[in-house]
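Bear in mind that the values in this text are calculations on the coordinates, not laboratory data. Note that the structure is predicted; figures quoted are calculated from it, not measured. When we count neighbours, we look across all protein chains shown, and the Cβ atoms used for this are built from the backbone with ideal geometry, even at glycine.
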Amino acid sequence: MKKVKEMLMRFGRMKYKKYIIVITLGVLLIGFVGEDSIRAHLSHQQRIAELEEEKEFYESECAYDLSQIHELQHNPRAVERIARERYFMKMDDEDVFILSDDEGVTTPKSKAYATVE
């Protein structure tokens, strides 16, 4: 307790104590309060990381869709395959049997489909 009193007495005798107090309060305010605080900076960095992950996901989806479009434009068998898989279309001389697993409709993006030929 004696050491604390000594420190306070020395601080009281300091010539520049008002400057030290102002600088300390300024650092605390800038560091923890407001839009430019450390806390806000960390939350912004976390949001940026989330958005970059989302961007990578959508870029991969776009690449997949572009490859599908390219395939559909240049391969007539691909159009037939899509028509058979998604819309259950068939030729005049064949029968189509749809087997359901009751887990939902399968889509080509899930890669869990089979072609009927």
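If I stretch the segment between Ile21 and Ala78 completely, what's the gain in nm (0.36 nm per residue apart, minus their alpha carbon distance), one decimal?
Once the chain is fully extended between Ile21 and Ala78, it gains 13.1 nm.
If you place +1 on the Cβ of every Lys and Arg, -1 on the Cβ of every Asp and Glu, and leave all else neutral, what size is the dipole of the chain about its Cα centre, to the nearest 20 Debye?
Here the size comes out at about 2700 debye.
Taking every alpha carbon pair in the chain, what does the distance histogram look like in 5 angstrom bins from 0, in percent?
Reading the bins upward from 0: 2, 8, 9, 10, 8, 8, 6, 5, 5, 5, 5, 4, 4, 4, 4, 4, 4, 3, 2, 1, 0.
Given Cβ point charges of +1 (Lys, Arg) and -1 (Asp, Glu) and nothing else, what value in debye, to the nearest 20, does the dipole of region 53-101 about its Cα centre take?
With only Lys, Arg, Asp and Glu charged at Cβ, the dipole is about 220 debye.
Hey, can you rank 37-44, 3-10 by average C-beta count inside 10 Å, highest first?
Packing order, densest peptide first, comes out as 37-44, 3-10.
Taking only pairs that are 8 or more places apart or on different chains, how many Lys pairs in the chain have Cα atoms under 25 angstrom apart?
So the count works out to 13.
Would you be so kind as to identify which of Pro76, Tyr19, Met89 lies farthest towards the positive end of the dipole of the chain, taking Lys and Arg as +1 and Asp and Glu as -1 on Cβ and the Cα centre as origin?
Tyr19
Among Phe97, Phe57, Phe32, which one shows the highest mean-square fluctuation when the chain is modelled as a Gaussian network with alpha-carbon springs under 10 Å?
Largest GNM mean-square fluctuation: Phe97.
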